[in-house]
Amino acid sequence: MTFQDKLIKADINAYLDQHQTKSMLRFITCGSVDDGKSTLIGRLLYDSKMIFEDQLAALEVDSKKLGTQGDDLDFALLVDGLASEREQGITIDVAYRYFATEKRKFIVADTPGHEQYTRNMATGASTAELAIILVDARHGVQTQTRRHSYIASLLGIKKIVLAVNKMDLVDYDQGVFDKIVAEYSEFASGLSEKTGTNQTIEPIPLSALKGDNITENSKAMKWYHGPSLISHLETVEIDDGNSAGEFRLPVQWVNRPNLNFRGFSGLISSGQIRPGDAIKVLPSAKTSTVKSIVTMDGDLPEAIAGQSITLTLENEIDISRGDLICSAHSPAESANQFETTILWMSDEAMLSGRSYILKCGTQTATATMAPPKCRINVNTLEELAARKLELNEIGVCNVALDKQIAFDPYSQNRDTGGFVLIDRYTNATVGVGMIHFALRRASNIHWQAVDTDKNSRAAQKGQKPAILWFTGLSGSGKSTIANHVEKKLTAFGRHTYLLDGDNVRHGLNKDLGFTDVDRVENIRRIAEVSKLMVDAGLITLVSFISPFRSERRLARELVEEGEFFEIHVDTPLEVAEARDVKGLYKKAREGKLKNFTGIDSPYEEPENPEMRVSTTSMSAEEAADFIIQQLNNQGVIDIG
Amino acid sequence: MKSLTLLHLTHLERLEAESIHIMREVAAEAENPVMLYSVGKDSAVMLQLAMKAFYPSKPPFPLLHVDTGWKFKEMISFRDAHVKKLGLELIVHTNQEGVDMGVSPFKHGSSMHTDIMKTQGLKQALNKYKFDVAFGGARRDEEKSRAKERIFSFRTADHRWDPKNQRPELWNIYNTRKSEGESIRVFPLSNWTELDIWQYIYRENIPIVPLYFAAPRPVVNRDGTLIMVDDDRMPMEKNEQPIMQSVRFRTLGCYPLTGAVPSKATTLPEIIQEMLLTKTSERAGRTIDHDQSASMEKKKQEGYF
């Protein structure tokens, strides 16, 4: 029976008092099945008595059936959760494990080690304060060791345990251990330069399977004088939530139970606050003084990073969700363009020019990605050229937002410097990023104010400007119909301009090809040009395949509501291919033309177009009449 | 001047702050959230956290109890008194089709009863009131497949969970955007363990159903499980007589499906003492997990909370 068990039996109240003051450490284990990662976690749970008898009985049964350790317990089976993973014998997601000692509660993020699971490891690392990097003593520092260390460092983990495991298989040889430690230290010293994270490294020789240096110092390794793994985890200094940093409170929710109370609720991401402290709210830059720190347990004299609180202020200033309350003497920065490191997490690649929803703390904005400056090879840390980022790829990339957000560099504050990117159609989290610094470009290019505006230009022409955006497969009849519509509009005395895909590709966009990245850029430029045309007061007809919903939406959002008309020229692929006016489908089918929409590149049909014309049931002339009629009905033109 | 005295939070303070943060995110971003309230100890903690998260306002969402009709009587009386005292809105939903069919754990077995009265009942209620986000009190330490579930866990229009297609959750940023028909289950207690729950109840002095404390209660022994005879719907076998025994419950659910443990623990410290010295895990008292080792994962894919 341990000391703790005795205390529980003898004096439960004393035990409870002792445990009220436990601290908490979140860490991540990095390594693969081969390094004995699951075995190590299973061992930690087992040795800290977090396994009950019924679980142990299930483990014994499972060990015999599925285990890889003969008649011994296979600790790995304790932690491999999902049924499919247990069958495959690999861990494919992030799993969280819990155990506690008398000094600390631990939350372990257990993540897989292979390169295709980089995103899972980054997820686990994002909330961890310490990383255990597992190395198999027989194999030493491997490619994946470097990858794991890089990701841990990139996500800002400052404390590393280099766990040299399977020492039992190298006869507990100190020479083997020392060599690995030397090799690792040399590699790790170059990391902080790349990621801005200063790390401390604690090397520990282990055998997770046999239990050496897990809770107690190993008798087989008398040459080792450092702490056991548990003892290190129990005593390593915790930097929970950065309480020494500058005060930052991202506002989650405005608390207004009645007219007399107006509080701002959030989790303090760094620093400390007291009543009387001067604060500044970003991005509005308004200032005030803290009146009280309100909680259900009474007002607090002081609050620190990691606490969820509600602040009231001395004077009424306008604050809403997404604002960042900062200390007045050292506020965060505000900007709308950044250099960032992006880790891509989606099967569909990150395309420059495409816009995504960006969420940073409680702030939400629309982000447009610039082409990556480079892609990082996660195994060698080499910087490679890249035009897009694929799943699990990491790159440095500028990001432009539709509005200012408040931020700190990620190296100073993970909560105010980290963000996620969300796909606007699937709503999936497709990427994450870490802010390096703001780009000052945007603030130096001011909008040139002009006296003659869109309305006056349009009024002069006696018309409402609009974009008629024709989308559809190649050969669907877009250009033919658009041409008819323009002729008719001109006949009615309207001022128009037709932007045609093929024509524009001869000039403005002649540098672009047909890859997904280039298609996005192609449409982005056309969208911007059409916006200028609308500003000039013109009815602008755009005839482009424009296969992706995201870019059509981008174009739509550039102009005012009611100015954008998406017209789906709906021709089935078989029909368009049978027509094959330009002979392109034939070439594509023969493989002579790559990335052809409908053949080997997708076409995403409009979900709610303003108009849909079917070229199988009406002629181009009839379709044009239909469109004119619709424009008349919707008040864009008035022809009676 | 900066204080140097208060630099560390305890594990309970950090867990509390995280849960409150999660609840506020839901309140700020959901259209029509609801808190599932099962009357058990985890629900008691969740309710306390909700009261704290929005203080001095009341939580901006109602509570929903899916009543199978077979809960302990004491749970129902505790529920009504407690919710009234806090001044909150409570919605109670029972699967009327199940009641009309006469579904009973004694006649139809535990898995069919649970499916119809609990899983289907929950889906009915969520559909009926069009709740887009529902808080649940599940913890990741309860069961292996829970360990990989996100804090914000998405369900398809027919309430299914797809473990292979979960959104990454980094830092404390939660992507709450959902597509048409999707709903979200949110688990603010994800990172709590059973011991944390008890310690917090102790620290905060949170009221819980008296069934958690030992008292003489009428029980019968069925295949090694002590079942409390809570009403006369319980069919007695030949020569079977309930005996009065000092017992308590580690987990609460439908009385015919919840095993009691012999105990003399009548105070919170004694309960915690017993829990720490006991050698079986909490869910062992529930009948639905035993069937096959991946049974919880399967249940959840089908829409069990």
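Largest first and to the nearest Å, give the Cα extent of the range A:262-320 along each principal axis.
30, 20, 19
What ³J(HN,Hα) values, in whole Hz, does the Karplus curve 6.51 cos²θ - 1.76 cosθ + 1.60 give for the range B:261-268 when θ = phi - 60°, with x put for Gly and Pro?
With the stated coefficients, the range B:261-268 comes to 10, x, 6, 10, 6, 10, 10, 4 Hz.
I need to check one value: relative contact order of chain A, counting alpha carbon pairs closer than 8 Å and at least 6 residues apart, in percent.
Computed value for chain A: 9 percent relative contact order.
Using a Debye calculation, one point per C-alpha and no hydration shell, please list log10 I(q)/I(0) for the range B:19-166 at q = 0.09, 0.12, 0.14, 0.17 Å⁻¹ in order.
One equal scatterer on each Cα of the range B:19-166 leads to -0.30, -0.55, -0.75, -1.12.
I need the fraction of alpha carbon pairs in the range A:309-438 separated by more than 26 Å, rounded to a whole percent.
25
Taking amide hydrogens as modeled 1.01 Å from N in the peptide plane, which residues meet the under 5 Å criterion relative to A:Phe564, leaving out close sequence neighbours?
Sorted by chain and number, the residues that satisfy this are A:Ile467.
Please express the Cα-Cα pair-distance distribution P(r) of the protein assembly as shown as a list of whole percents, one per 20 Å bin, running from 0 to the bin with the greatest distance.
12, 39, 34, 13, 2
Take the Cα atoms of the range A:528-640, build their convex hull, and give its volume per residue in Å³.
Hull volume over Cα atoms, normalised by residue count, gives 127 Å³.
Largest first and to the nearest Å, give the Cα extent of the range B:120-208 along each principal axis.
42, 30, 23
Mind checking the range B:233-277 for GluC sites (Glu not before Pro) that DSSP puts in a loop (not H, G, I, E or B) and that have at most 13 other Cβ atoms within 10 Å?
B:Glu237, B:Glu240
Using all Cα-Cα distances in the range A:377-496, what percent lands in each 5 angstrom bin from 0 up to the longest?
Answer for the range A:377-496: a P(r) of 2, 7, 10, 11, 11, 11, 10, 11, 11, 8, 5, 2, 1 percent.
So if the hydrodynamic radius of the range A:197-245 is defined as the Kirkwood radius over C-alpha pairs, what does Stokes-Einstein give as its diffusion coefficient at 25 °C and 0.890 mPa s, in µm² per second?
Answer, rounded: 197 µm²/s.
Among A:Gly196, B:Thr94, A:Phe338, flag the residue with its Cα farthest along the positive direction of the charge dipole of the protein assembly as shown, charges on Cβ as +1 for Lys/Arg and -1 for Asp/Glu.
The Cα lying farthest towards the positive end belongs to A:Phe338.
Any of A:Lys22/A:Lys158; A:Lys6/A:Lys166; A:Lys403/A:Lys488; B:Lys71/B:Lys128 with alpha carbons more than 29 Å apart? Name them for me.
As for pairs spanning more than 29 Å Cα to Cα, those are A:Lys6/A:Lys166; A:Lys403/A:Lys488.
Can you give me the Kirkwood hydrodynamic radius for the range A:109-254, using every pair of distinct Cα atoms, in Å to one decimal?
16.4
Which whole number gives the average count of other chain Cβ atoms within 10 Å of the Cβ atoms across peptide A:285-297?
1
For the range A:159-214, what ratio Rg/Rh do Cα atoms give with a Kirkwood hydrodynamic radius?
Rg/Rh for the range A:159-214 comes to 1.05.
For chain B, what is the relative contact order in percent, using Cα pairs closer than 8 Å and at least 6 residues apart in sequence?
The normalised contact order for chain B reaches 20 percent.
Can you tell me the equivalent ellipsoid semi-axes for the range A:487-567? Use √(5λ) from the Cα gyration tensor, largest first, whole Å.
Its equivalent ellipsoid spans semi-axes of 22, 15, 11 Å.
Please identify the GluC sites (Glu not before Pro) of the range A:172-228 that satisfy two criteria: DSSP loop assignment and at most 14 other Cβ atoms within 10 Å. Which are they?
Qualifying residues, ordered by number: A:Glu216.
What is the gain in length, in nm to one decimal, between A:Leu169 and A:Ser619 on full extension, counting 0.36 nm per residue of separation less the C-alpha to C-alpha distance?
154.1 nm
Output the Cα-based Rg and Dmax of the range B:56-107 in Å, rounding Rg to one decimal and Dmax to a whole number.
13.8, 48
For the range B:3-148, what's the relative contact order in percent, using C-alpha pairs closer than 8 Å and at least 6 residues apart?
Relative contact order, the range B:3-148: 29 percent.
Apply the Karplus curve 6.51 cos²θ - 1.76 cosθ + 1.60, θ = phi - 60°, to the phi angles in the range B:202-218 and return the couplings in whole Hz, x for Gly and Pro.
With the stated coefficients, the range B:202-218 comes to 5, 4, 8, 6, 7, x, 10, 4, x, 4, 6, 9, 5, 7, x, 9, x Hz.
Fewest Cβ neighbours within 10 Å first, please rank A:Ser185, B:Ser153, A:Ser543 accordingly.
By the 10 Å Cβ count, ascending, the order reads A:Ser185, B:Ser153, A:Ser543.
The range A:519-569 to the range A:204-279: how many Å between their Cα centroids?
One Cα centre to the other: 49 Å.
Using the Kirkwood radius over Cα pairs, work out the Stokes-Einstein diffusion coefficient for the range A:299-347 at 4 °C and 1.567 mPa s, in µm²/s as a whole number.
86
For chain B, report the translational diffusion coefficient in µm²/s to the nearest whole number, using Stokes-Einstein at 10 °C, 1.306 mPa s, and a Kirkwood Rh over Cα pairs.
The estimated diffusion coefficient comes to 78 µm²/s.
Order the peptides A:620-628, B:74-82 from the highest to the lowest mean number of other Cβ atoms within 10 Å of their residues.
So the peptides A:620-628, B:74-82, ranked by packing, come out A:620-628, B:74-82.
Listing A:Arg119, A:Arg525 from the residue with the fewest other Cβ atoms within 10 Å to the one with the most, what is the order?
Arranged by neighbour count, lowest to highest, A:Arg119, A:Arg525 become A:Arg525, A:Arg119.
No value in this document is a laboratory result; all are computed from the given coordinates. Owing to the predicted nature of the structure, the values given are computational and were not obtained by experimental measurement. Cβ: placed from backbone, ideal geometry, glycine included. Neighbour counts: every protein chain shown.
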